[in-house]
Each structure stands twice: as C-alpha cells, then as structure tokens.
Amino acid sequence: MNAEAILVKIEEDAKLSAERILSDAQARAEAMKHASRKKIEDMHKATVSKAAEDSAELEQRMLRMAGLDERKLLLARKRDLIEEAFTVAREQVGGAPAAQKRQFFLAQVLKNAAGNETVVVGEIRADWFDSSFIEDANRALATAGKNGGLTLAQERAAGCEGVVLKARGAETHCTFEAIL
C-alpha cells in the first residue's frame, strides 16, 4: 500500500472517530439539558407545592387568630355586662331603706360573728347604723348561743358599705361589696 492511501484511511478513520465523539458529546449535552429541565421542573413543582402548603397553614393560623380575637371581644363584652349588672345591683341594694339595710347587716353579723370581734362600720352610706346596733347584735348573738361581746371600733372601714368584723388579726367583710 502506498503512503497516501494510508493517510487517507487514517484521515477517514479520524473523521469517523471525531463524528462519533461529537455525536456522543451532543447526546450527553442533550441528556444534561433534559436532566436540568427535569430538575428545574421538579424544583418549580416543589416550590409551588410548598407555597400552597404555607399558604394553607397561614390561612388556618389567621382564621384561628380571628376566632381568638372574636372570643376575646365577646368575653370583654360579657365582662362589661356583668360589671354593669353588679353596678346596678349595688346601686339598688345601696338604695334600700336604712331599716332594711340595718336588718340585713344584723343578720350578716349573726351569721358570721363568733361574738368577740370588733365591729368596724363602713364609711359609705352608714345611715342604717345607730347607737343600738351593737347592743342588738350582742343580744341576737346571745340568743343564738354565741358570746355576745362585740365591741365598736372608732374608725370607719374605707370604701365599703356594711360592717367588717375584726378578731385576732383576721377580718370578715360583711359588706355589700364582699357579698356582691
């Protein structure tokens, strides 16, 4: 064989080899593009899915917060209504005739006193209290079989209407405020 035929054969083999290498490279490049597109699509789907989950979770959280706010508002309204009812009740009880209040507080003393306490009269609307209250209370306690040794304190109990019984460092409030 002559040298030129060998060179032509080598050149043809090199062209075939180069075409095969180029074809393989193009196939790998196409496969890489396809894999990259697939990865991008998967990432996009995952991101959209995660965003939908986060959105649903946020919506639920916002609904729960709105429900809590609504319950707090309702509770505040109920609390205001109860406070108003107690205020009206206190005004009505406080507006009772003095004789009726005197009888009520006498019954409270009889119910709560052992008989040796100091009686402190409240400073609010004490028109029901008179000088014979302690005597009447002691007489009622003695009749009930208790010690009839109540004494009257000189000071008045601040901010209440009724009586406070004091004995050995303890106080028993027989006042409208405590009862309400």
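The values are calculated or read from the model by the stated rules, or taken from the named source; none is laboratory data. As the structure is a prediction and not an experimental result, all values here were calculated from the model. As a convention, Cβ positions derive from the backbone with ideal geometry for all residues, glycine included, and neighbour counts pool all protein chains shown. When the accessible area is computed, the model is the full protein with side chains, heavy atoms only, and any ligands, DNA or RNA have been set aside. Shrake-Rupley method; radii C 1.70, N 1.55, O 1.52, S 1.80 Å.
Against the conditions (1) surrounded by 13 or more Cβ atoms within 10 Å (Cβ to Cβ); (2) part of a loop (DSSP other than H, G, I, E, B); (3) touching a strand residue (DSSP E or B) at 6+ places or on another chain (Cβ under 8 Å), GLU155 satisfies every one except (1).
Yes or no, residue by residue, for (1) aliphatic (A, V, I, L, M); (2) modelled with pLDDT under 85; (3) under 42 Å from the mean Cα position of the chain (by Cα); (4) open to solvent by less than 100 Å² (accessible area, probe 1.4 Å):
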position	(1), (2), (3), (4)
GLN60	no, no, yes, yes
LYS72	no, no, yes, no
ARG90	no, yes, yes, yes
ILE124	yes, yes, yes, yes
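Remark: pairs (first residue in the range 87-114, part of a helix (DSSP H, G or I); second residue hydroxyl-bearing (Ser, Thr, Tyr) and surrounded by 11 or more Cβ atoms within 10 Å (Cβ to Cβ); Cβ separation under 7 Å; 6+ apart in sequence or on different chains) = ASN112/THR172. Would you call GLY145 on the phi > 0 side of the Ramachandran plot and either in a helix (DSSP H, G or I) or open to solvent by 60 Å² or more (accessible area, probe 1.4 Å) (or both)? For GLY145, the condition - on the phi > 0 side of the Ramachandran plot and either in a helix (DSSP H, G or I) or open to solvent by 60 Å² or more (accessible area, probe 1.4 Å) (or both) - is met. Of ALA76, ALA85, ALA96, all but one fail to be out of contact with any helix residue (DSSP H, G or I) (no Cβ under 9 Å at 6 or more places or on another chain) and either open to solvent by 100 Å² or more (accessible area, probe 1.4 Å) or at pLDDT below 90 (or both); the exception is ALA85.
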